[in-house]
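Notes for the one structure printed next.
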Amino acid sequence: MDRRRFLLSSGTLALACLLPVPSLAKSPVPNNLRSFDLTAGLASTNLGTDRTFRVWSYNQGIPGPVIRVRTDDVLKVNFRNKLPHPSTVHWHGLPVPNSMDGVPGVTQQAVLPGDSFTYEFPCKPSGTYIYHSHQGLQLDRGLYGALIVDDPNDSLTHDQDFVLVLEDWAMVDGGGPEAGKRKPAGRMMHGGRGMMRGPGGWSGSGPLSEPVYNAYAVNGRIYPHTKPVKLKKGEKVRLRVCNASSSTIYDLRLAGHSFTIVRTDGRPIKPVKAEVLRIGMGERYDLELVADNPGNWLLGAYESGWGESGLKLPFVYEGKEDIKPVAPSFRRGLAYPGYFDFQAAAPSTEAYQEPARWYRQVLSGGMHSPYWTINGRGYPDSEVLRADLGQVVRLAYINHSHMPHPMHLHGHFFKLVNPSLPPEKWISKDTLIVDPMQRLEVQFLADNPGDWFHHCHHLYHMEAGMANIVRVA
Ligand code: C2O
Ligand code: CU
């Protein structure tokens with residue numbers, strides 16, 4: 001085993017990889033078929049506490065197993081549905097062939113209880129991804145996990161590699177969708193300026209309003225039952241932060257440290273030093289951390305508009321296990337880098353031509369209505385955005401609502417249009433938070449044929465209609 005593979009497998013990964021690690025020796029066949037069994041079924045969890053409740057999960061784990069492959073692999077997942085309801089698996093962020101995308105009613109028939117389905121696709125490009133059920137609100141019952149694609153040609157720049165899956169939980173049987181307490185739909189989530197909450201109107205007790213979560217977990221455990229990240233002084237550590245939460249945007253901060261953001265949604269950016277990371281539902285960030293401040297430190301989170309969330313994770317240096325952990329402070333005005341502070345690591349000319357098609361996407365809903373819409377229409381009655389194969393398409397998001405919406409496009413990466421940078425330096429993403437009253441534009445090369453789901457990754461907004469189809473043909 002060479003150094004890279006050794007480190008990947010021996011690091012204190014909070015979650016185990018599914019398969020034995022293959023040797024790096026160049027294989028004569030360009031693609032290695034990597035086979036995984038993934039079974040969705042009824043399970044129970046206690047998130048590390050002494051209170052057990054019933055959930056739905058992959059392979060009986062919360063989260064599901066980390067699936068870790070390489071860019072020269074073809075991933076084959078034997079999916080079995082042992083749930084009492086139909087289900088699918090979506091490979092969030094990875095541009096897979098349309099028939100493998102796992103959106104019920106759009107790219108495949110949902111897999112019925114007792115049935116199975118084989119997903120098989122090449123794993124490119126490298127990066128940090130998520131997989132999750134795309135059926136209804138199943139994600140909020142526990143059906144998600146991390147998918148990591150390594151590039152064997154990347155030179156190793158870190159000593160340890162941790163996957164951190166962030167989860168919001170209502171600790172009741174059945175998870176979030178069964179929670180009795182609901183957040184009012186009319187609340188203002190945008191922190192700071194002109195706060196106002198629940199101005200009457202629809203009070204949001206229906207099933208499509210998100211729950212009031214009472215537990216925030218990292219890798220299936222809540223503080224103080226979390227498995228700490230163990231550090232040795234002088235190490236350089238890669239953190240792959242995946243927000244698999246259904247409805248929670250976090251501002252994360254690690255006490256005693258700043259970190260360097262090196263990728264967003266799997267795509268490399270020019271490194272940006274930061275004290276705070278903001279991460280929306282469906283987003284992933286790769287961070288580099290230099291372990292240069294021995295102690296026992298907490299990673300903590302602030303939830304925009306709500307205050308400190310209970311999400312905490314200790315980072316403990318060798319020999320410092322017995323000191324009391326120090327929490328980060330969240331003083332007002334402590335800024336996270338915004339999307340416009342990022343630029344692509346390597347200039348790319350993909351999708352930088354003038355767009356052939358433009359679509360305005362007005363995001364609204366919430367205040368006096370249980371529906372969330374794009375251009376006033378809710379899925380499946382929303383419009384179909386058409387693109388010819390090979391065309392560059394511009395989407396202009398205009399958020400007319402009082403909540404942020406992490407907008408996610410399947411099957412493609414889009415570029416964030418940044419007027420102060422030349423187009424070849426625009427960052428690529430697949431999930432982008434559009435803040436209240438904000439206008440953001442993205443464009444993408446429609447190079448993956450099929451009908452692609454495009455929606456807000458706030459699960460309860462998606463279910464309440466904030467979705468449409470991008471048809472590439
Ligand atoms: Cu992460 Cu349409 O999904
Ligand atoms: Cu939304």
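The values are calculated or read from the model by the stated rules, or taken from the named source; none is laboratory data. On a predicted model such as this, the values are computed, not experimentally measured, just so you know. Cβ sites come from the backbone with ideal geometry, for glycine too, and all protein chains shown count toward neighbours. Protein only, heavy atoms only, side chains kept; ligands, DNA and RNA dropped before computing areas. Shrake-Rupley method; radii C 1.70, N 1.55, O 1.52, S 1.80 Å.
Screening GLN109 against (1) surrounded by fewer than 18 Cβ atoms within 10 Å (Cβ to Cβ); (2) within 27 Å of ASP381 (Cβ to Cβ); (3) touching a Pro at 6+ places or on another chain (Cβ under 7 Å) leaves a single unmet condition, (3). Kindly establish whether VAL218 is modelled with pLDDT of 95 or more, in contact with a Ser or Thr (Cβ under 6 Å, 6 or more places away or on another chain) and open to solvent by less than 20 Å² (accessible area, probe 1.4 Å). Yes, satisfied.
Given the structure, is ARG439 open to solvent by 10 Å² or more (accessible area, probe 1.4 Å), within 16 Å of ligand 2 (Cβ to nearest atom), at negative phi and in contact with a strand residue (DSSP E or B) (Cβ under 8 Å, 6 or more places away or on another chain)?
Working: open to solvent by 10 Å² or more (accessible area, probe 1.4 Å): yes; within 16 Å of ligand 2 (Cβ to nearest atom): yes; at negative phi: yes; in contact with a strand residue (DSSP E or B) (Cβ under 8 Å, 6 or more places away or on another chain): yes.
Spelling it out, ARG439 is indeed open to solvent by 10 Å² or more (accessible area, probe 1.4 Å), within 16 Å of ligand 2 (Cβ to nearest atom), at negative phi and in contact with a strand residue (DSSP E or B) (Cβ under 8 Å, 6 or more places away or on another chain).
Select, from PRO325, PRO337, PRO347, PRO370, the only residue that is touching a Phe, Trp or Tyr at 6+ places or on another chain (Cβ under 8 Å), within 30 Å of SER258 (Cβ to Cβ) and either of a type outside the set (Ser, Thr, Tyr) or open to solvent by 80 Å² or more (accessible area, probe 1.4 Å) (or both). Step through it out loud before you land on a result.
Numbers: PRO337 fails: touching a Phe, Trp or Tyr at 6+ places or on another chain (Cβ under 8 Å); PRO347 fails: touching a Phe, Trp or Tyr at 6+ places or on another chain (Cβ under 8 Å); PRO370 fails: within 30 Å of SER258 (Cβ to Cβ).
Just one listed residue meets the conditions, PRO325.
Among the residues of segment 405-431, write down those that are within 16 Å of ligand 1 (Cβ to nearest atom) and either under 20 Å from LYS270 (Cα atoms) or crowded, with 24+ Cβ neighbours inside 10 Å (or both). Within segment 405-431, HIS405, MET407, HIS408, HIS410, GLY411, PHE413, PHE414, LYS429, ASP430, THR431 qualify. Within segment 394-415, no residue that is over 17 Å from ALA356 (Cα atoms) sits with its Cβ atom under 8 Å from a residue that is within 10 Å of ligand 1 (Cβ to nearest atom) and modelled with pLDDT under 95 at 6+ positions apart or across chains. Only residues that are more than 16 Å from ligand 2 (Cβ to nearest atom), open to solvent by 10 Å² or more (accessible area, probe 1.4 Å) and either modelled with pLDDT under 95 or not in a loop (DSSP other than H, G, I, E, B) (or both) were counted across segment 460-473, and they come to 2.
The set of residues in segment 412-435 that are over 25 Å from LYS124 (Cβ atoms) and in a strand (DSSP E or B) comprises ILE433, VAL434. For segment 78-89, a residue qualifies if it is in contact with a helix residue (DSSP H, G or I) (Cβ under 9 Å, 6 or more places away or on another chain) and assigned to a strand (DSSP E or B), and exactly one does: SER87. Would segment 47-57 turn up any residue that is buried (at least 22 other Cβ atoms within 10 Å of the Cβ), of a type in the set (Asp, Glu) and outside any strand (DSSP E or B)? No - not one qualifying residue is present in segment 47-57. Looking across segment 73-95, the residues that are farther than 16 Å from GLN108 by Cα and more than 14 Å from ligand 1 (Cβ to nearest atom) come down to ASP73, VAL74, LEU75, LYS76, LYS82, LEU83, PRO84. Do we find that HIS457 is within 19 Å of the chain's Cα centre (by Cα) and surrounded by 24 or more Cβ atoms within 10 Å (Cβ to Cβ) in this structure? Yes, satisfied.
Checked against (1) under 23 Å from the mean Cα position of the chain (by Cα); (2) within 24 Å of HIS158 (Cα to Cα), GLU321 passes all but condition (1). Note on segment 432-473: residues that are out of contact with any helix residue (DSSP H, G or I) (no Cβ under 7 Å at 6 or more places or on another chain), within 15 Å of ligand 1 (Cβ to nearest atom) and more than 24 Å from GLY390 (Cβ to Cβ) total 11. Only residues that are away from ligand 1 (no atom under 16 Å from the Cβ), of a type outside the set (Asp, Glu) and outside any loop (DSSP other than H, G, I, E, B) were counted across segment 272-293, and they come to 9. Applying the selection to segment 121-157, what residues are more than 16 Å from ligand 1 (Cβ to nearest atom), of a type outside the set (A, V, I, L, M, F, W, C) and open to solvent by 20 Å² or more (accessible area, probe 1.4 Å)? Of everything in segment 121-157, those that are more than 16 Å from ligand 1 (Cβ to nearest atom), of a type outside the set (A, V, I, L, M, F, W, C) and open to solvent by 20 Å² or more (accessible area, probe 1.4 Å) turn out to be PRO122, LYS124, PRO125, ASP151, PRO152, ASN153, ASP154, SER155, THR157.
Looking at GLY378, is it open to solvent by 10 Å² or more (accessible area, probe 1.4 Å), within 13 Å of ligand 2 (Cβ to nearest atom) and not β-branched (Val, Ile, Thr)?
Details: open to solvent by 10 Å² or more (accessible area, probe 1.4 Å): yes; within 13 Å of ligand 2 (Cβ to nearest atom): yes; not β-branched (Val, Ile, Thr): yes.
It is true that GLY378 is open to solvent by 10 Å² or more (accessible area, probe 1.4 Å), within 13 Å of ligand 2 (Cβ to nearest atom) and not β-branched (Val, Ile, Thr).
Evaluated against (1) crowded, with 19+ Cβ neighbours inside 10 Å; (2) in a loop (DSSP other than H, G, I, E, B), ILE269 falls short on exactly one condition, (2).
Apart from one condition, TYR359 fits all of (1) hydroxyl-bearing (Ser, Thr, Tyr); (2) surrounded by fewer than 22 Cβ atoms within 10 Å (Cβ to Cβ); (3) assigned to a strand (DSSP E or B); (4) within 16 Å of ligand 2 (Cβ to nearest atom); the exception is (4). Would you check which residues across segment 106-120 are within 16 Å of ligand 1 (Cβ to nearest atom) and either free of Cβ contacts under 8 Å to residues at least 60 places away in the same chain or within 20 Å of the chain's Cα centre (by Cα) (or both) and list them? Hits for segment 106-120 are GLN108, ALA110, TYR119.
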